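Student: What follows is a structure written as structure tokens; I'll ask about it next.
The values are calculated or read from the model by the stated rules, or taken from the named source; none is laboratory data. All of these numbers come straight from a predicted model, not from anything done at the bench. We place every Cβ from the backbone using ideal geometry, glycine too, and count neighbours over all the protein chains shown.
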Amino acid sequence: MAIHKRSKDELAKRVAQDMFDGAYVNLGIGMPTLVANHLPPGIEIVLHSENGILGMGPAPAKGEEDYDLINAGKQAVTLLHGGSYFHHADSFAMMRAGHLDICVLGGFQVSVTGDLANWSTGEPGAIPAVGGAMDLAIGAKQTWVMMDLLTKQGASKVVPQCTYPLTGIACVKRIYTDMATLECTPNGLVLIDLVDGLTKGELEGLMGVDFAYNFDQPHSPD
Amino acid sequence: MINKIADSVAQAIGQVADGATVMIGGFGTAGIPDELIDGLIAQGAKNLTLINNNAGNGDTGLAALLKARRVKKIICSFPRQTDSHVFDALYRSGELELELVPQGNLAERIRAAGAGIGAFFTPTAYGTALAKNADGTPKETRFINGKHYVLEYPLHADLALVKAERGDRWGNLMFRKAARNFGPIMAMAAKHSVASVHEVVSLGQLDPEHIVTPGIFVSAIVQIERRATQGGGFKAVAQAKQEQAHGDT
């Protein structure tokens, strides 16, 4: 059977499914921003943006952009009723001190124990830039990473140990990928779900990493 | 009588010594005090150390200051942007020194300076390449209540340039939306803090409950005619490229 990989939107929907009512959430630049489009009906979450916004709303209509109101990716956004503005030190206090319930980040590599590499590939000569990645990774109550399981070259981005420069140590709780959802624990990786057409054994083969133990896996034929 | 309202940008900025450390507010293009940066370029100080979140977009503002070769070092969290070509070229040629700081550490180091804190322990960047000093030695760390922390020192400045929305002659400030970003903490952390505002109002017209930065942190205010903040960063460049591509076909 062919592997039914999750599309970007299906992956965003999978992440959104685990959001809970009342959560304060930061969605990182790139793919994580898609999660906002897939929130389950009936739950209310408050989106945080590192540049001093709580209650961030969707993009404005074309022509209505106000570039004093932007998200971390510098895109024009809106403010929901109940939203607020604050300065950078307060914004990062929210991140650092665990006031945010969930942050969703992209990733280059995540280790089985939850180390994250997502800010630099360590390429010589590249201009380094970190932004708020390190503060976000270690600060939220739960850090979730959302990424494709494999690189374009087919290498697993879930690894025994990160080879790229670290963003944070043992900070990732969950990894949502196009093929499976995984949980990082001090004892190693736990499988939460996998897509149709993929067995647990095949997934372990793709990653080159074995699971510590499994949750219930209704979709796993193994 | 206290009157912090300056007649001109030049008067508000005053003398800036060569080698000064200058904080400049803004995140992306929101809150970048372009007119004050132009004033700093006109003033002529060189060998500056700049503290800003980014390292300039396009060819104006911060990028123009870099291009004029007035800056020897920049302390920031996110220099690399799709339209940061001025910074990129100077950095690659070795003409510009970079101290890369995680954004929350940058904000807290600025806040600490303004709050009189000698140093602080933060969990951010522990165990990473950014928990090192410029010479490559590890920064001091401490294990506190089951968690690892890195010792970080405050960032003080000689001058802060901040964009605000509304102010009065005592220097009280209100900001606009997410253009507030680094403004309030930078105003606290510099010996001489200058804010541009779009509106100057009489004392008592700012609701005391709504004043974001009390005038004690502000040295001078200068009124600048309002113009809409232009987009910047990834989206604007991507959009421009897309529109150009569509135009070509």
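Student: Any idea how many residues of region B:207-219 are surrounded by 20 or more Cβ atoms within 10 Å (Cβ to Cβ) and either touching a Cys at 6+ places or on another chain (Cβ under 8 Å) or among the aliphatic types (A, V, I, L, M) (or both)?
Tutor: Applying the first criterion (surrounded by 20 or more Cβ atoms within 10 Å (Cβ to Cβ)) to region B:207-219 yields B:213, B:215, B:217-219.
This time we only want the ones that are either touching a Cys at 6+ places or on another chain (Cβ under 8 Å) or among the aliphatic types (A, V, I, L, M) (or both), so: B:218.
Total satisfying the criteria: 1.
Student: Counting just the residues of region A:54-85 that are part of a loop (DSSP other than H, G, I, E, B), of a type in the set (A, V, I, L, M, F, W, C) and within 11 Å of chain B (Cβ to nearest Cβ), which one comes out farthest from B:Phe175 (Cα to Cα)?
Tutor: Taking region A:54-85 first, the residues part of a loop (DSSP other than H, G, I, E, B) are A:58-69, A:71-75, A:77.
Checking the rest, the ones that are also of a type in the set (A, V, I, L, M, F, W, C) come to A:59, A:61, A:69, A:72, A:77.
Now restrict to residues that are within 11 Å of chain B (Cβ to nearest Cβ): A:59, A:69, A:72, A:77.
On the way: A:Ala59: 22, A:Leu69: 12, A:Ala72: 18, A:Val77: 18 Å.
Filtering region A:54-85 for residues that are part of a loop (DSSP other than H, G, I, E, B), of a type in the set (A, V, I, L, M, F, W, C) and within 11 Å of chain B (Cβ to nearest Cβ), the one farthest from B:Phe175 (Cα to Cα) comes out as A:Ala59.
Student: I've got another one for you. Within region A:118-143, how many residues turn out to be surrounded by fewer than 23 Cβ atoms within 10 Å (Cβ to Cβ) and assigned to a strand (DSSP E or B)?
Tutor: Total meeting the criteria: 1.
Student: If you take the residues in region A:34-53 that are within 13 Å of chain B (Cβ to nearest Cβ) and polar (S, T, N, Q), which one is surrounded by the most Cβ atoms within 10 Å (Cβ to Cβ)?
Tutor: A:Asn51
Student: Can we say B:Ala195 is surrounded by 24 or more Cβ atoms within 10 Å (Cβ to Cβ), touching a Phe, Trp or Tyr at 6+ places or on another chain (Cβ under 6 Å) and not aromatic (Phe, Trp, Tyr)? Let's see the steps before the verdict.
Tutor: Values: surrounded by 24 or more Cβ atoms within 10 Å (Cβ to Cβ): yes; touching a Phe, Trp or Tyr at 6+ places or on another chain (Cβ under 6 Å): no; not aromatic (Phe, Trp, Tyr): yes.
Answer is no for this residue.
Student: Quick check on B:Asp59: is it surrounded by fewer than 23 Cβ atoms within 10 Å (Cβ to Cβ), part of a helix (DSSP H, G or I) and in the same structural domain as B:Lys163 (by TED's automatic domain parsing)? Give the derivation first.
Tutor: Working: surrounded by fewer than 23 Cβ atoms within 10 Å (Cβ to Cβ): yes; part of a helix (DSSP H, G or I): no; in the same structural domain as B:Lys163 (by TED's automatic domain parsing): yes.
So B:Asp59 fails the test.
Student: Let me ask something else. Does region A:1-13 contain any residue that is among the β-branched types (Val, Ile, Thr) and modelled with pLDDT of 95 or more?
Tutor: Here is the first cut: in region A:1-13, the residues among the β-branched types (Val, Ile, Thr) are A:3.
Retained after the next criterion (residues that are modelled with pLDDT of 95 or more): none.
The answer is no; no qualifying residue exists.
Student: Next question. B:Thr82 - would you say it is under 15 Å from the mean Cα position of the chain (by Cα) and among the hydroxyl-bearing types (Ser, Thr, Tyr)? Steps first, please.
Tutor: Values: under 15 Å from the mean Cα position of the chain (by Cα): no; among the hydroxyl-bearing types (Ser, Thr, Tyr): yes.
Considered against the rule, which asks whether it is under 15 Å from the mean Cα position of the chain (by Cα) and among the hydroxyl-bearing types (Ser, Thr, Tyr), B:Thr82 comes out as no.
Student: Let me ask another. All but one of (1) touching a residue at least 12 places away in the same chain (Cβ under 8 Å); (2) farther than 30 Å from B:Val194 by Cβ hold for B:Arg111; which doesn't?
Tutor: Tallying (1) touching a residue at least 12 places away in the same chain (Cβ under 8 Å); (2) farther than 30 Å from B:Val194 by Cβ, B:Arg111 fails exactly one: (2).
Student: Next up: Residues of region B:110-165 being within 9 Å of chain A (Cβ to nearest Cβ), part of a strand (DSSP E or B) and not β-branched (Val, Ile, Thr), which ones?
Tutor: Within region B:110-165, B:His148 is the sole residue that qualifies.
Residues are listed down the side, and each one gets a yes or a no for (1) touching a Phe, Trp or Tyr at 6+ places or on another chain (Cβ under 8 Å); (2) in the same structural domain as B:Trp170 (by TED's automatic domain parsing); (3) outside any loop (DSSP other than H, G, I, E, B); (4) buried (at least 17 other Cβ atoms within 10 Å of the Cβ):
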site: B:Asn3; (1), (2), (3), (4): no, no, no, no
site: B:Asp18; (1), (2), (3), (4): no, yes, no, no
site: B:Val22; (1), (2), (3), (4): no, yes, yes, yes
site: B:Leu36; (1), (2), (3), (4): no, yes, yes, yes
site: B:Lys46; (1), (2), (3), (4): no, yes, no, no
site: B:Leu50; (1), (2), (3), (4): no, yes, yes, yes
site: B:Asn54; (1), (2), (3), (4): yes, yes, no, yes
site: B:Leu66; (1), (2), (3), (4): yes, yes, yes, yes
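Student: If you check every pair at least six apart or on different chains, which have Cβ atoms under 6 Å apart with a residue in region A:165-187 that is within 14 Å of chain B (Cβ to nearest Cβ) and surrounded by fewer than 24 Cβ atoms within 10 Å (Cβ to Cβ) first and a residue that is outside any strand (DSSP E or B) and hydrophobic (A, V, I, L, M, F, W, C) second?
Tutor: A:Pro165/B:Ala129
Student: Any chance you could count how many residues in region B:170-185 are at the interface with chain A (Cβ under 7 Å from one of its Cβ atoms) and surrounded by fewer than 24 Cβ atoms within 10 Å (Cβ to Cβ)?
Tutor: Of the residues in that region, 2 qualify.
Student: Separate question: If I ask for residues that are within 17 Å of A:Met146 (Cβ to Cβ) and part of a loop (DSSP other than H, G, I, E, B), which ones from region A:21-49 would you list?
Tutor: Matches in region A:21-49: A:Ala23, A:Gly28, A:Ile29, A:Gly30, A:Leu39, A:Pro40, A:Ile45.
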